[in-house]
Every structure is written in C-alpha cells, then in structure tokens.
Amino acid sequence: MKTVYVDNNATTRVDPEVFREMEPYFCDLYGNPSSMHKFGGQVAGAVKRARQQVATLIGADPSEIVFTSCGTESDNAAIWGTLHSYPQKHHIVTTRVEHPAVLTLCNHLMKQGYSVTELPVNHEGLLDLDQLRDAITPYTAVVSVMWANNETGVIFPVEEIAEIVQEKGSVFHCDAVQAVGKIPINMRKNRIDMLSLSGHKLHAPKGVGALYIRKGTRFTPFFIGGHQEHNRRGGTESVPSIIGLGKACELAMDHMDEEKTRVKAQRDRLEAGLLAKIPNALLNGHREHRLPNTSSLSFEYIEGEGILLLMSREGIAASSGSACTSGSLEPSHVLRAMGVPFTGAHGSIRFSLSRFNTDEDVDYILEKIPPIISRLRELSPFWKRRDRSAVL
Amino acid sequence: MWDYSEKVMDHFLNPRNAGEIENPDAVGEVGNMTCGDALRLTLRVDEKERIADAKFQTFGCGSAIASSSILTEMIKGLTLEEASKITNKDIAQQLDGLPPEKMHCSVMGMEALEAAINNYRGRPVEHEELEGTIVCKCFGVTDEKIERVVRENNLSTVEDVTHFCKAGGGCEECHPQINEIIQKVQAEKGVAVDTGTDQGRPKKLTNIQKMHLIMETIDREIRPGLNADGGDIELIDIDGDRVLVALRGSCAECVASSFTLKSGVEAKLKEFVSNAITVEEVEQ
Ligand code: FES
C-alpha cells in the first residue's frame, strides 16, 4: 500500500545519503575513537568531522557540541547539569507547552524540593515576555523554553528570551529539537547558553542527539563515566549514528531554503485546502510564528483516534493530540494550555511535512481526508445536533 | 497504536445500526464532549417490550464506536428485561476483548443501555453520574459509579478503576478516595488488599506510629533528594502535628531553603503521614 508520511515531527526518514555515510562504520571502521591505535584514530577523525558539521549548521564552535543519545537526554543533561552547577539555586522557569522531556523532568524535580514556574501561553500559543521576565528571580537556576512546539509548530522568540535571561543572571536552555534543520539557527548571533537537538527529527537515525553548551557555561555531567566528550558525557560514542547526524546536518544546511519555500508551500496548500473543504475546522497556533512544515488542525465534534485509524487505512500517517491515542484520558497539554475548546481539542490532527513529501502527497491527502471527517461526523451525536440548531 | 481485535476494527470500520431512530420509544444518552466520549442510543420497543430496533450515535475513539455498534446488535430482539442484564463485560467479550485502557468504552455502552431502559420505564432520565457524590472532579465520576465498576469487575487498583470509568486519570487528587472505595468493596467481599500505595494507611495513627512514619518518610522520601544536592535534614522534635527540623549542608546556606521546606518536606509529610502536618525550621 502507498504510504504518505506526514508525521515528520514524530520522526523522519533517514536520508539515504546519510545511511550511505554511516554504513562503513559498522563492520569495517568499527574502532573505538578513544583507542591509541591508528584503527581507532581514523574513527576519531570521522567523529571530529561530524562535530564540525553539527557545529556549522547551528553556527557554533565544534568544542561546544556534546553528542548524546537523544533529545530527551540533551534536555535532561542541560537542566540537571545546570541545577548541579548552581546548588544554591532551587528554581526553574519553563512553559506549560514544553515537551515531556522537560515537563516530566521538572515535575520530578519538584517532588525533590525544587520549585518550578510553568508559564502559560495565550490562545495562539504565544508567551507573555513580561511575565517571563517577572518569573525569573535571583534563585532561578535555569530557564528552559523550547524554540518550536512539536504539536503546533509555534515558534517562541527564544533569542529575545535569551537576552532577558542573561540580564536577569540565569542560565537559558532551549529545546530546539523541532527547530534544528527546519529554520536557520546561528548561535554566534544569540545568547542562548544551551541548546538541545535530536538526530531523528532531521533525517539522521534515532538514538543520537547533541547538546550545545556555550563556551564558559558551567556544566556538571549527567552521564558519569569515561573522559569522552571532554568529560562532559561519559560512554563510548555511538559512532555510526554520530556520523549520520553530521551528514544529516550538512544536508539540512543544503536544504534549508527548500524548507521555507517548497515544504512551506506544500504545507500551506494542504492547510488551506483542508480548511476550505471541511467546515468547522480550526487552525491551532499562531499562523505566522510557526515552523514551515507543521499544521495542527482541529476538526470539531469528532475524536482524533478515529480520524487516524481511517487515515491509516488510506496509507496516510499523521498524529493527533487527542486523548485516546496517547493512552492518557485528557487531550494534549499543549492544546489545553492554549485553551482550545473541547469541541476541537479531541479532534486535532497534526500534519508535519518534510522535504521528502511531494505535491502528489498533498493532493492525495486533500482528496482522502474530507470524506473521513464527514463519515465520523455522521456517527457523532454532537454533529447532528449542531446541524439542527443551525437550521432552526 | 492500539492492539484492537479484528472484531473491534470490523465494527469501527463498518458500524452497524449507526444513526438515530425517528420518534424513538426510548433514548439513552451518556458522556459528554469534555470527557472525550459520548453515546446516544435510540430504541424502538414493541408492545411485548421487545427491542425491535436500536441505533447509535457516538463521539469517541475507535473502540467507543465499536462498543456502541456491537451493543445495538446484541440487544436487538431482546426484551428489555433480558437486555437489562447485559454488563460491560459482555460487551467487551463480544468484541473479543478490549485493551485495558479502553474498558471504559464498554462501560459507556452498558450505561447508555440502562439509561434508555430507564427512559422507557418513565424513570428519571438522570445520568448515573448524578447519583452519589462526585469523587473525581476531573471526569465527574461519583462514588457510586466507582463502587459499581469495582464490584462488577472485581477491580483492585486505582489504575484499573481509571481504565474502566476514567476516574483518577487526570490530576490524581482523587486517588486516596478511590483507594478507600476499593478497600471498602474488597473488605465486604472478605479480601484484604494491599493496594500497593501508602494511601491505605490507617486513619488514626497513634503518636508512636506517627513518629515512626515521619522518620521513615524523611529517610525514604526526603533525605535522598537533599543528599543529592549536598544537603541534609535533621529531625529535631515532633510536637503534635508540628514537625521541627534543621537543614544541613548546602541546604542550610541556601536562601531558597524555605522553598525546599514548604514544597518538598512539608508536602511529602502531608502526603505520607497526615494532612495536618506543618514543618518549621529551627536553628540548631
Ligand atoms: S479529581 Fe480525579 S483525576 Fe483529578
């Protein structure tokens, strides 16, 4: 069956070029980069090149890149590491719409006695920067705010936030897992202290990520062990994945323009088409301050799981903020924080595109989705009633 | 992705008896938009009180639609008397099982059927939810409903209760009360259960018990976190519900230690010992 994959904020296809680059490092060049022989040394050279490639994509110095196992590890290492570097400070500032890698960790820390301020967002998913400024106290060890939201794609003004945090004397960590590779990032031009990224969101394999730590930032390692990564992260490097991440970053650089042109155009056409064809469909999140590839739409009066199951039968892969798909009973914390009404929050679908999507994909989705929505609405007791009251 | 049985998928993809009977003899409505699922069941009942026709409309996930669909098939041709004996277990069984997290869908089916039968008999159309007092605020579930699912399905953990009727699936504040209900039902059945949480603690502690519990909670729940930060805590005295402590090491210097005291120490003691506990710091 044909697969139309529009769930790229969940994970992406490994670019075949990335895979080719990785292949020799499994069975042939399998040396340990820390070894004192030439066989290992050549691998160390390749890791060094990958570090340079990652640094180039985000405008960093290679020494500021620490390879990790995933975005979640990067987030944990940044927040945990900062708290341990400033043991006299017990306060964390973050937002209600962060990824669970940050929110669940903060919850856990709260149980250990830290205090956490979760900043609210407005109905478009945006923060109030004055509120953010006021939340930071002399006891705030770290402020953690994401660059772009995984569910809605809404972009926060993190560069501006970094200025505020610096002025207030705290450390700023930015979870940029969804942003890296999709929008230009230049660490030389901002004051963000730490930044997390993840390989599998930008066509590298799963199981590799990186944490950017600005030179001079205090840091306590989260993984304790060997001297790898300049004593900032113990554990033998996952060499093939690191090589893959490096290559993926190089390719992301080459394709950056395409993201804001072709991918964005496809996203816009998909979104406009669905909103025009389907009544009672709403866009979640600010229309402008958004990633070029993401569209979160709510189809009122129906539940997201049913939509996904029917889409999946047509080979379309997307995701939903509905409660039923996550195993929890409440719809997405992001949509709830934005105050999306329950009529729509349960029926939200996130489409996230990548450079591998085609115009045909968009046509296909535009053809298949409207009948799915009407079919489920036919079954919904609320849709009929809404209809009737509209007629009366 | 859920592991749905073929039968669930079949009823989701080809729902039987979807829609609404014009001028029905009975209507059963349960659930609402906030909760994420709702079912409206309409029945045609003949003079012999036999269900001649049944139709459903459902807002909810795949298994909610499948549960509603199979329910209409199960009840067609039954007398109201016979239909009233159907339980949520029967519905789940007919579907060749539901994932545990989705059992509440079958409960919704049973409730809609009950509501429809009550409606036919001219009993108040009030939802089950309105009887008893609300225990779970997040999902508007009453003690009676919880007691009933616990009894009928022989549930023994809060997690089970959440799977069957959603209660406890939000802020978790109602977990202690749910646990009490489980204990009560199990006690009636003559089984002692250890629900595996501290919530089953005896209501009234003797002073000795309380002291021990406070010391234990500090050792188990509080000290490790402080130690990790290079701090420590010392229990100085217990005076009724007042607990006097001294903070040591990095905690003592920490200007923000009142945060630790209130949000960490006191919260833990309230959770594990008694809500009445207050914590004060003493210099020593
Ligand atoms: S009150 Fe029951 S989960 Fe919130």
### Task
Quick one: count up the residues across segment A:53-76 that are within 22 Å of the chain's Cα centre (by Cα) and either not aliphatic (A, V, I, L, M) or not assigned by TED's automatic domain parsing to the domain that holds A:VAL180 (or both).
14
### segment B:139-155 residues that are within 14 Å of chain A (Cβ to nearest Cβ), paired with ones that are acidic (Asp, Glu) and away from the ligand (no atom under 16 Å from the Cβ) (beta carbon under 9 Å, 6 or more apart)
none
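Condition (residue is of a type in the set (A, V, I, L, M), within 15 Å of A:HIS99 (Cβ to Cβ) and at pLDDT 95 or above) applied to segment A:128-143: is it met by at least one residue?
Within segment A:128-143, the subset of a type in the set (A, V, I, L, M) is A:129, A:132, A:135-136, A:141-143.
Still in the running and within 15 Å of A:HIS99 (Cβ to Cβ): none.
Taking every residue of segment A:128-143 in turn, none turns out to be of a type in the set (A, V, I, L, M), within 15 Å of A:HIS99 (Cβ to Cβ) and at pLDDT 95 or above.
Over 20 Å from A:PRO371 (Cα atoms) and buried (at least 24 other Cβ atoms within 10 Å of the Cβ): does that describe B:ALA54? Working first, answer last.
Working: over 20 Å from A:PRO371 (Cα atoms): yes; buried (at least 24 other Cβ atoms within 10 Å of the Cβ): yes.
Criteria met by B:ALA54.
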### Residue among A:GLU250, A:GLU258 that alone is closer than 30 Å to A:GLU23 by Cβ, at pLDDT 95 or above, within 21 Å of the chain's Cα centre (by Cα) and among the acidic types (Asp, Glu)
A:GLU250
## Note on the structure
Taking segment B:161-177 and keeping only residues that are more than 14 Å from chain A (Cβ to nearest Cβ) and more than 10 Å from the ligand (Cβ to nearest atom), one is left with B:PRO176
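Of the residues A:SER322, A:SER295, which is in contact (Cβ under 8 Å) with a residue 24 or more places away in the chain, more than 12 Å from chain B (Cβ to nearest Cβ) and buried (at least 20 other Cβ atoms within 10 Å of the Cβ)? Reasoning before the result, please.
Details: A:SER322 fails: more than 12 Å from chain B (Cβ to nearest Cβ).
Being in contact (Cβ under 8 Å) with a residue 24 or more places away in the chain, more than 12 Å from chain B (Cβ to nearest Cβ) and buried (at least 20 other Cβ atoms within 10 Å of the Cβ) holds for just one of A:SER322, A:SER295, which is A:SER295.
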## Note on the structure
Residues of segment A:1-60 being of a type in the set (Asp, Glu) and touching a Leu at 6+ places or on another chain (Cβ under 7 Å), in sequence order, are A:ASP15, A:GLU17
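Residue-by-condition table, conditions (1) touching a helix residue (DSSP H, G or I) at 6+ places or on another chain (Cβ under 6 Å); (2) hydroxyl-bearing (Ser, Thr, Tyr):
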| position | (1), (2) |
| --- | --- |
| A:LYS277 | yes, no |
| A:SER295 | yes, yes |
| A:SER312 | no, yes |
| A:GLY315 | no, no |
| A:THR343 | no, yes |
| A:LYS368 | no, no |
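Out of everything in segment B:218-239 that is among the acidic types (Asp, Glu) and not in a strand (DSSP E or B), what residue ends up being farthest from B:THR206 (Cα to Cα)?
Our first condition is that a residue be among the acidic types (Asp, Glu); within segment B:218-239, this holds for B:219, B:221, B:229, B:232, B:234, B:237, B:239.
So of that shortlist, the ones also not in a strand (DSSP E or B) come out as B:219, B:221, B:229.
Details: B:ASP219: 20, B:GLU221: 21, B:ASP229: 34 Å.
Top of the filtered list is B:ASP229.
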### Message
Just to be sure I understand, how many residues within segment B:178-192 are buried (at least 16 other Cβ atoms within 10 Å of the Cβ) and more than 11 Å from the ligand (Cβ to nearest atom)?
### Response
7
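Checking the condition touching a residue at least 12 places away in the same chain (Cβ under 8 Å), under 18 Å from the mean Cα position of the chain (by Cα) and assigned by TED's automatic domain parsing to the domain that holds A:ARG188, which residue from A:VAL116, A:VAL154 passes?
After applying the criteria, what remains is A:VAL154.
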### Query
Is there a residue being under 14 Å from B:VAL8 (Cβ atoms) and in the same structural domain as B:PHE12 (by TED's automatic domain parsing) anywhere in segment B:75-90?
no
### Query
In this structure, is B:ILE75 in contact with a strand residue (DSSP E or B) (Cβ under 7 Å, 6 or more places away or on another chain) and facing chain A (nearest Cβ under 10 Å)?
no
### Task
Provide a single number: the residues in segment B:208-238 that are in contact with a Pro (Cβ under 9 Å, 6 or more places away or on another chain) and within 14 Å of chain A (Cβ to nearest Cβ).
3
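The values are calculated or read from the model by the stated rules, or taken from the named source; none is laboratory data. What you see is a predicted model; the values in this text were computed from it and never measured. Because the Cβ atoms are built from the backbone with ideal geometry, glycine has one as well, and the counts that use them run over all protein chains shown.
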